[in-house]
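Below: the structure, in structure tokens.
No lab work stands behind these numbers, since they all come straight from the coordinates. None of the values given here were measured: they were computed from a predicted structure. Reconstructed Cβ throughout: ideal geometry from the backbone, glycine too, with neighbour counts over all protein chains shown.
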Amino acid sequence: MISTTTGAEEGTKKRENAVSKDAQRWDAIFDIGTKYRDLNEVFILQLIEEFKSLTGIKLAHLVDLGCGTGDTLARFCKQDIGVTGIDFSAVALKKANLALSSCDSDVFLIEADLENLDKVKIKTTVGTLWLCKFVLAFIKDKAKFLKNVRDKMNKGDAFLLMTPVLHDVINYQKEDKPSIAIRVEEADALLLKIFGNRHIFSNEYQGERGHTVSYLVKK
Ligand SMILES: C[S@@+](CC[C@H](N)C(=O)[O-])C[C@H]1O[C@@H](n2cnc3c(N)ncnc32)[C@H](O)[C@@H]1O
């Protein structure tokens, strides 16, 4: 069953002013069929196991913050895990709806602005993994966003932050797409400040560029 809402239950007005402009920019990106690097089955199975050993609870639900076209949601659905996708791009959510049409688990898609996550009503269950994949660089107030994520989490939930990171010593070029990444020192400091922990689940560094870090922390 797929349930789609606007995230407006607690007062977020849909598609207004600056938010609308940013969301429309993403609509245009997804309109031309843009996709981001997908997670593979091994990564997902490892993550499910690591969630259990970190929290002592079986992973039951995934909340994907900035879910885009729903590829990650679909992967977790295949493992019989319920999913919630949140994004402000209506085009992305339409594609996610299609990608999840044959999913047997519960699916909730919410059109909302992550800058105001505190105003978004999210139904979760015990054993929820909160995921933020390739999104943090686009959030203006990163500390507020991460605090809101932490406050929404139930005790025992876990948060996986996947983000490309930049290193001060490297001179990045336009083709490195530095706008999708944040400085590694900033990511570390934010995680430490807000979650008191910066445990690294996966550290993928194939060369001097294209470094992605995944932090897995528990509430
Ligand atoms: C680089 S894409 C990554 C999409 C997906 N996580 C993936 O890995 O395929 C960034 C996503 O964040 C969403 N996004 C960026 N800023 C947002 C905001 N303020 N509120 C909601 N969604 C946002 C975009 O619409 C887009 O879907």
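With viscosity 0.692 mPa s and temperature 37 °C, the Kirkwood radius over alpha carbon pairs of the stretch 2-218 converts through Stokes-Einstein to a diffusion coefficient of 187 µm²/s. Here the extension length gained between LYS121 and VAL169 equals 13.1 nm, from 0.36 nm per residue of separation less the Cα-Cα distance. By the rule of a second cysteine Cβ within less than 4.7 angstrom, the chain holds isolated cysteines at CYS67, CYS132.
Packing-based ranking of 82-95, 20-33 yields 82-95, 20-33, ordered from highest to lowest mean Cβ neighbour count within 10 Å.
Take the residue pairs LYS119/LYS147; LYS52/LYS140; LYS52/LYS119; LYS21/LYS177; LYS35/LYS152 and return only those whose Cα atoms are more than 24 Å apart. The pairs that break the limit, which is 24 Å between Cα atoms, are LYS52/LYS140; LYS52/LYS119; LYS35/LYS152.
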